[in-house]
1. Those residues that are assigned to a loop (DSSP other than H, G, I, E, B) and either modelled with pLDDT of 90 or more or open to solvent by 40 Å² or more (accessible area, probe 1.4 Å) (or both), I need them from the stretch 261-282; list them, please.
2. List the helices (runs of 4 or more DSSP H) inside the stretch 103-200, counting only whole elements, that have at least 3 residues being at pLDDT 95 or above, of a type outside the set (Asp, Glu) and closer than 30 Å to residue 309 by Cβ.
3. With (1) touching a helix residue (DSSP H, G or I) at 6+ places or on another chain (Cβ under 6 Å); (2) hydrophobic (A, V, I, L, M, F, W, C); (3) exposed (fewer than 14 other Cβ atoms within 10 Å of the Cβ) as the list, and residue 121 as the residue in question, which single condition is left unmet?
4. Taking residue 245, is it more than 30 Å from residue 319 (Cβ to Cβ), open to solvent by less than 30 Å² (accessible area, probe 1.4 Å) and at pLDDT below 95?
5. Among the residues of the stretch 206-238, count how many are assigned to a loop (DSSP other than H, G, I, E, B) and either of a type in the set (A, V, I, L, M, F, W, C) or on the phi < 0 side of the Ramachandran plot (or both).
6. State whether one or more residues within the stretch 127-134 are out of contact with any strand residue (DSSP E or B) (no Cβ under 6 Å at 6 or more places or on another chain), open to solvent by less than 90 Å² (accessible area, probe 1.4 Å) and more than 16 Å from residue 109 (Cα to Cα).
7. Is it the case that residue 26 is open to solvent by 10 Å² or more (accessible area, probe 1.4 Å) and among the acidic types (Asp, Glu)?
Amino acid sequence: MERGMISVDRWAEGSQIYFLTHLHADHTAGLSSRWKKGPLFCSSITAKLFSPKFPGFDFSLLRVLEIGQWYSLSLVSLWSGLETRVEVIAIDANHCPGAVMYLFRGDFGNMLYTGDFRWEVSSKFTEMGKNMLLSALNNHKVDTLYIDNTYCNPSYSFPSREIAAQQVVNIINSYPEHDIIIGIDSLGKEDLLLYISNTLKVKIWVWPERLQTMHILGLHDNFTTKTTLTRIRAVPRYSFTIETLQGLNTMRPTIGIMPSGLPWALNKNKSSCGLSSMKTVESMGSLFLDLDTGNRYRNKTEKQHDYIYTVAYSDHSCFTEIVDFVKFICPTHMKGIVSSSSSYVDPCYHLRHIYGTSSLYGKYMAEEDRERGKGKCNSDEKLKRKRIKQYHSSLYKSRVSLLRRFKCGVKLD
């Protein structure tokens, strides 16, 4: 595909049309109420959520794509000046409300952009996504896969959201006399909150803007802004701090729960969980592996502080799910969509054996060969140590650098 035709989750000038996968902040950086650079395509749910997020936005720019339906778009080739057509289909990404993948096809072949996604084997949405992709591809290959590489590292392993949600309920049931605080973002984790509400038959408090989002999503019965009606509160993640919980415990016994795919621990020098350090590889394993029962996930949560539990509830695919997805797609080339220098994990590094020839990995190996030729890597053992060092360096990043400094989005080429 020619550069300058399509951008996904990237909002600078220079493209003819723009696509938004979902409304999380790391995918809308540069998008504002005054943005007017071109037609913006998104899912119907994302379009509904647009007004509170970007009041005053020119909604004549929005183009709604229904999931599972092909659309044909007319663009102009910057090289020839002639009309060219690109077809696109949106597929549920199973990440947060409105999140979709985009499959593009045209003279350039087939190009799949996942955005953030969760590929749970047990999920009905994953099964629907498989069937939709199989039908859309019609036995054709994916030439380029842009993949969510947030957890593209063998160290990242966590259970299905169904199991993690039950773990949260178990914690709440263990403290029948306590208030419960759950840290969440402004969008996402709705299924977790619904599971808690329906299982325990209670309403959950949310802040007013979050209640508006719930109502837009059609969730009217499970949430409230009245603290007197419930002991369970979902609060903005940024306000989930040790000081907050310590203050609450001076008034009433209170337990905090942080649902997150990141296996992080509290930093003793920081009061905010959002500025926490991650565990080492060895200690991360103890967070999820239950060798005595033979079950890798079911019974493991982590108490990080007198008042705080972490539960491995993730809206991103873990490493084994990424592997399953890449095996299913079998792309010729692959690129990660998370590309900041502080957190980028090249998916070609860990997945090079399970997909087609990759120009990215070929370039990486060529650079290693040149280093060997210059005498910088005198032995396979030294090269192995270098790889291990690179591998471990990605594990000691803060939650902020991992989740808030991502540079997501691309101009497709």
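The values are calculated or read from the model by the stated rules, or taken from the named source; none is laboratory data. The structure displayed is predicted, hence computed values, not measured ones. Reconstructed Cβ throughout: ideal geometry from the backbone, glycine too, with neighbour counts over all protein chains shown. Ligands, DNA and RNA are excluded from the accessible area calculation, which covers all protein heavy atoms including side chains. Shrake-Rupley method; radii C 1.70, N 1.55, O 1.52, S 1.80 Å.
1. 268, 269, 270, 271, 280
2. 161-174, 190-200
3. Every listed condition holds for residue 121 apart from (1).
4. It is true that residue 245 is more than 30 Å from residue 319 (Cβ to Cβ), open to solvent by less than 30 Å² (accessible area, probe 1.4 Å) and at pLDDT below 95.
5. Looking only at that region, the number is 11.
6. Yes.
7. Yes.
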